[in-house]
Amino acid sequence: MTAPNRDKFSQKRVIVTGASSGIGLALVRQLDTQGADLMAIGRRAASELPPDFPQIGYQSLDVSAGDTGPQLVELIAARGWDGLDLIIHIAGIGHCRPVADEDAASIAGTVATNCLAPITITHALAPHLARASGAVVFVGSAAHKGASGFPVYAATKGALAGFARALRSEWRGRIGVQILHPGPTQTAMHDRAGHDPGRLRALFLSADDAAAAMLRQIAAGRSPQKTGHGAVLRMRAVRMLAGGR
Ligand SMILES: NC(=O)c1ccc[n+]([C@@H]2O[C@H](COP(=O)([O-])OP(=O)(O)OC[C@H]3O[C@@H](n4cnc5c(N)ncnc54)[C@H](OP(=O)(O)O)[C@@H]3O)[C@@H](O)[C@H]2O)c1
């Protein structure tokens, strides 16, 4: 018995948004180790990446600006890729505050980043995905059913789940579609969102564990999938049964 995703990503042409931090950074590190041909997207400049960022193609793009799809099409051509095997939409933001304390610009920014961007990028890249019989993976959240304290964030993740479900049905047999819902994970997102989880932070998944569980879920192709401690324990059990792979 072998771990199913061991060679799944080798030489695959993969775009990851939100690759400069947190879960996305852990994912590109693991995909790089597995031999994927990667295009990593983040908002910060390349000079602001962690010093141990993998030696992979990195582009600074603001996905909330609305023109990222056509920009990625140009970057794909510049790389000489004649198709795209996988795009993982991880870029996301959120704010922990009641809706009364939101402002219009912040609401629009959250919707643009978490919801409009993955939809419009997927629309632009559809021909490239179809050419490679590729797959698109949306990263939602356990908050997609509604989360107290994060109403706008929860709304964007709920909308994304609806889009992913409809697209999975529409593209069945041509392009794979998945949505993965990570549970609370130890990343910078909580501080950026103004959320202090207190002692609960110690119970959060590590970004490495969340990324490894997500890669297993992507390899298996099922949707929707939750990524919590249960998924991580299952992954470890399979690895043990496979002799430590
Ligand atoms: N952490 C959790 O507990 C948790 C739970 C459920 C779901 N999630 C989801 O997991 C995903 C990753 O979150 P994380 O926890 O890893 O957060 P994170 O460490 O804050 O990383 C967020 C990533 O998104 C990028 N990003 C944000 N806005 C962007 C924009 N406008 N254009 C381009 N890139 C942008 C960031 O780039 P820069 O850093 O360069 O700005 C960063 O790479 C998000 O979709 C989040 O909703 C997280």
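Projected onto its three principal axes, the C-alpha set of the range 36-159 covers 48, 34, 24 Å, listed from the longest axis down.
One-quarter of the Cα convex hull surface for the range 117-242, in nm²? It would help to have the intermediate numbers written out before the result.
Details: hull surface 35.5 nm².
That works out to 8.9 nm², a quarter of the Cα hull's surface.
Projected onto the charge dipole of the chain (+1 at Lys/Arg Cβ, -1 at Asp/Glu Cβ, origin at the Cα centre), which of 94, 231, 113 gives the Cα projection farthest towards the positive end? Of the listed residues, the answer is 231.
In the chain, what percentage of the DSSP-assigned beta bridges are antiparallel, given to the nearest 5? Intermediate values should be presented prior to the final figure.
Values: 0 of 27 bridges.
Restricted to the chain, the bridges split so that about 0 percent are antiparallel.
A simple charge model with +1 on the Cβ of Lys and Arg, -1 on the Cβ of Asp and Glu and nothing else charged puts the dipole of the range 84-208 at about 440 debye relative to its Cα centre.
Under 18 Å from the 7 Å Cα→Cβ point of residue 236, by amide nitrogen: which residues of the range 174-201? Flagged as within label range: 183-186, 201.
Of the trypsin sites (Lys or Arg not before Pro) in the range 160-189, which ones lie in a loop per DSSP and count no more than 14 other C-beta atoms within 10 Å?
On the way: sites: 165, 168, 172, 174; in loops: 172, 174.
For trypsin sites (Lys or Arg not before Pro) across the range 160-189 that sit outside H, G, I, E and B with at most 14 neighbouring Cβ atoms in 10 Å, the list reads 172, 174.
In this entry, the range 181-245 is assigned a mean projected area of 4.9 nm², taken as a quarter of its C-alpha convex hull surface. Each Lys and Arg Cβ is given +1 and each Asp and Glu Cβ -1; about its Cα centre, the chain then shows a dipole of about 1100 debye.
Laboratory data are not the source of any read-out in this text; all were calculated from the coordinates shown. Bear in mind that the values here come from a model prediction, so they are computed numbers and not experimental data. Please note: Cβ atoms are built from the backbone with ideal geometry, for glycine as well, and neighbour counts cover all protein chains shown.
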